[in-house]
Structures are given as structure tokens and as C-alpha cells.
Amino acid sequence: MGSLETEKTVTGYAARDSSGHLSPYTYNLRKKGPEDVIVKVIYCGICHSDLVQMRNEMGMSHYPMVPGHEVVGIVTEIGSEVKKFKVGEHVGVGCIVGSCRSCGNCNQSMEQYCSKRIWTYNDVNHDGTPTQGGFASSMVVDQMFVVRIPENLPLEQAAPLLCAGVTVFSPMKHFAMTEPGKKCGILGLGGVGHMGVKIAKAFGLHVTVISSSDKKKEEAMEVLGADAYLVSKDTEKMMEAAESLDYIMDTIPVAHPLEPYLALLKTNGKLVMLGVVPEPLHFVTPLLILGRRSIAGSFIGSMEETQETLDFCAEKKVSSMIEVVGLDYINTAMERLEKNDVRYRFVVDVAASKLDN
């Protein structure tokens, strides 16, 4: 990715240490290469994994770190070999901005599983510069890792689809969870979980939300459109629902027991893990063996699937429930996110913050 011009200086909001506190930070974008696009950031969603990275909960964080991987913006410049995009188009950038392009996963359009994938932030570009995310005025991104925002999809609505949306869409397609009438459980009703409900309903599935209390029941059923609601602490109702679900999408990002949910699956049922849990989970094997059940994992989606997610949601008019905030509110938003005090996704209006001014 050769250099074509001098570096551009931009401003973002960065964490400087594991406290995770974000403050203004000015840095150089990497030089634009022939296959790169420069994106002016308009909106950026906030994901729970941003908290994990900012606070070094996985022990792999590097600072200063500009988070943000649900990035929506407008193309302001393109490299000489860019064919996919034109200046002025609305585009999105998700969790990764690079891969090796030659391994088996890359050759099968599964670049999200490439062992040399490059994360949108807290990583290193091919040219050795650090990657920085979407809580900033601009980004430079290889055209392969940029997707087009459909014209009828509001930009602020597109942001959560670039991580939360594709995170549920990809396994639904891969594990054939798209047959109308099949019964799907959504475990956890946060940013990813609420998208799971909406996308599952758009596929025609019967959806049961599983939560630790009944405080979200009315919203889950009357607003999000779930068909049923289970409180995991209600032992009697959990027993009545035993062996009733074909699939469960587990979106919980903290340690939790698996046995109660495995018992809800029919024979051949699948529990698909989507939450990033930084500690071991435990279960007893008879719950798998005696029902030929499976525990699987899935990570975001390919670039093709990300584009398909956007197009699908635009066509089906699937929207996420969001709260739009400014960058001056971002630390408060992170504190609220940690307390699960958001319904259901924060989206930062980056452009309105006028960072480069």
C-alpha cells in the first residue's frame, strides 16, 4: 500500500490508559494508498467491546486508543485504483480493516476469521502505523473493507448494523436459522440481542427473549415484536419451556451458566455464542450428548455478509433502537453502557462535534 501523499492530521477521542477515559487526541492518519478511501465520519455506534478494549480487559490494549468500529461516513477522497466507491457516497466501516488476502479463510470470503486480520482500532496497519477507530473526524480504509450504505437506510440506523447487526445475521444464515416458523431464543436483550430479535422476526422465526428479569418483557414483545418471553430465574417456566427451541443466540458478554439454556434446546438444537466473555464458561456434557445439541461460536461476518446485512435491513425496514449522543457525552455514555442503561445502542453524532475545528 504505497504512499501517495503527505499524512493528514485529525482529531479523535482516545483512551490513554486502562481507566478507559476518553479525551481529545490529535494524530496523523496513515498516508492514502492507491486502493484506499478517506472517509469523513458522520456517525459511530458504541459497542460493549469498546469498553473491553479501552479498559484492557483482554490484556492486549495499546494506547493512545481511538475506539469505534460501527462507522458511517462519506467518501471524501479515493486512491488511484479505487473502483468500488466514488467521492460523495455514504459508506460504512466495521470491525476489521485488513487481512492477509491469501489464506483459506480469505479465499472463501471469510476474512473475519483470517489469523492476520487487522482490527479497526488497537492494531497495526500494513505500513506499521497504529489503527484508530471511528470516534474521530476521518479514517483511511482499504476499499475492500468498506461497504455501501443503501440510500433508503438512515445513516444513524446503519451504524449498529456494522457490528451488532451482522453479528446476528451471519450465524443465522450460516446455521440455516432462516426457515419461517422455526423457534429461536435470544439470550440477553442488549445492543446485539435486540438486533437478534428484529432480524429473526424479519426472517419469519418464532422468537423467545430470555432474560434474567421481567423488566424488559413489555418492550420485548410490544415494541421489538418477540413472540414469547422467559425469565431465566423462573425455574417453573424454564422447565415448561424445556426442549422447545431450535436455536439460541447467546449475546451475554459476561460469565454465565450454560446448563439452563442448553436444556431449552430440542434434539439437534444449537446454542450460538456471540458475546465476548473474558473468562471460562462451564457446562455438563450430558446436556449435549443426550440431545445431540451443539455449542458453536460466530464472529461478526464477512464483508459480503456485512453488505448483505445492510441491504436486508433496508429492504425489510429493520431498524435498531438507538440513542444519539455527542462526543462530549461519550464518557457518560460508556458509564451508562456498563450499567446496561441504554435502549439499546448509543450512536455518536461525530460530525456534529466538529472535531477538526
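Using a simple spin-label model with pseudo-atoms 7 Å out from Cα toward Cβ, THR9 and ASN357 lie 1.9 nm apart. Highest average first, the peptides 7-15, 280-288 ordered by how many other beta carbon atoms sit within 10 Å of their residues are 7-15, 280-288. Rounded to the nearest Hz, the phi-derived 3J(HN,Hα) couplings of region 176-184 under the Karplus curve 6.51 cos²θ - 1.76 cosθ + 1.60 (θ = phi - 60°) are 6, 8, 10, 7, x, x, 5, 9, 10, where x marks glycine and proline. Seen from LYS173, the other residues with C-beta closer than 9 Å to its C-beta sum to a net charge of -2, counting Lys and Arg as +1 and Asp and Glu as -1.
Under a 5 Å amide H cut-off, with hydrogens placed 1.01 Å from N, TYR344 pairs with MET321, ILE322, GLU323 among residues at least 5 apart or on other chains. With an a/c value under 1.5 for the gyration tensor axes a ≥ b ≥ c computed over the alpha-carbon atoms, region 165-297 is described as rounded. As a fraction of the 1.4 Å probe accessible area of the chain, surface on carbon and sulfur atoms comes out at 50 percent.
Can you tell me how much longer the chain between VAL324 and VAL277 gets when fully stretched, taken as 0.36 nm per residue apart minus their C-alpha distance, in nm with one decimal?
Values: separation 47, 0.36 × 47 = 16.92 nm, distance 2.68 nm.
Difference between extended and current length: 14.2 nm.
Among GLY291, GLY191, GLY68, the residue with the largest mean-square fluctuation in a Gaussian network model of the chain, with springs joining Cα atoms closer than 10 Å, is GLY291.
Judged by the mean number of other Cβ atoms found within 10 Å, the most tightly packed of the peptides 99-111, 49-61 leads the ranking 49-61, 99-111. Coupling constants for region 226-232 follow from the phi torsions by the Karplus curve (6.51 cos²θ - 1.76 cosθ + 1.60, θ = phi - 60°), and in residue order they are 5, 8, 8, 9, 10, 9, 5 Hz; glycine and proline get x.
Run lengths n ≥ 4 of DSSP H only: what is the helix-derived mean residue ellipticity at 222 nm for the chain, with -39500 (n - 2.57) per run over all residues, to the nearest 500?
After summing the helix terms and dividing by the residues of the chain, the value is -5500 deg cm²/dmol.
Which value, in Å², gives the accessible area per residue of the chain when a 1.4 Å probe is used on the protein heavy atoms? Write out the running numbers ahead of the final one.
On the way: 15470 Å² over 357 residues.
Value for the chain: 43 Å² per residue.
Amide H neighbours of LEU230 under 5 Å, counting only residues 5+ apart in sequence or on other chains, H built in-plane at 1.01 Å? Correct list: VAL209, ILE210, SER211. Of interest is the spacing of the C-alpha centroids, which for region 72-107 and region 146-221 amounts to 25 Å.
What is the gain in length, in nm to one decimal, between LEU290 and MET221 on full extension, counting 0.36 nm per residue of separation less the C-alpha to C-alpha distance? Don't jump to the answer; show the numbers that get you there.
Working: separation 69, 0.36 × 69 = 24.84 nm, distance 3.21 nm.
Full-extension gain reported as 21.6 nm.
Here LYS31 is the anchor, and the aspartates and glutamates within straight C-alpha reach of less than 16 Å, apart from those fewer than 8 places off in the same chain, are GLU5, GLU7, GLU77, GLU81, ASP127, ASP142. Other residues lying with their Cβ under 12 Å from the Cβ of HIS194 contribute a combined charge of +4, Lys and Arg counting +1, Asp and Glu -1.
The phi-based Karplus calculation (6.51 cos²θ - 1.76 cosθ + 1.60; θ = phi - 60°) puts the 3J(HN,Hα) values of region 96-101 at 10, 10, x, 7, 6, 6 Hz, whole numbers, x for Gly and Pro. Taking other residues whose beta carbon is less than 13 angstrom from the beta carbon of TYR43, and scoring Lys, Arg as +1 and Asp, Glu as -1, yields -2. For the set LYS215/LYS339; LYS198/LYS270; LYS8/LYS40; LYS173/LYS217; LYS217/LYS237, the pairs lying more than 23 angstrom apart at their alpha carbons are LYS173/LYS217.
The values are calculated or read from the model by the stated rules, or taken from the named source; none is laboratory data. Bear in mind that the values here come from a model prediction, so they are computed numbers and not experimental data. A quick note on method: Cβ atoms are made from the backbone with ideal geometry, for glycine too, and the neighbour counts reach across all protein chains shown. With ligands, DNA and RNA removed, areas are computed over all heavy atoms of the protein, side chains included. Shrake-Rupley method; radii C 1.70, N 1.55, O 1.52, S 1.80 Å.
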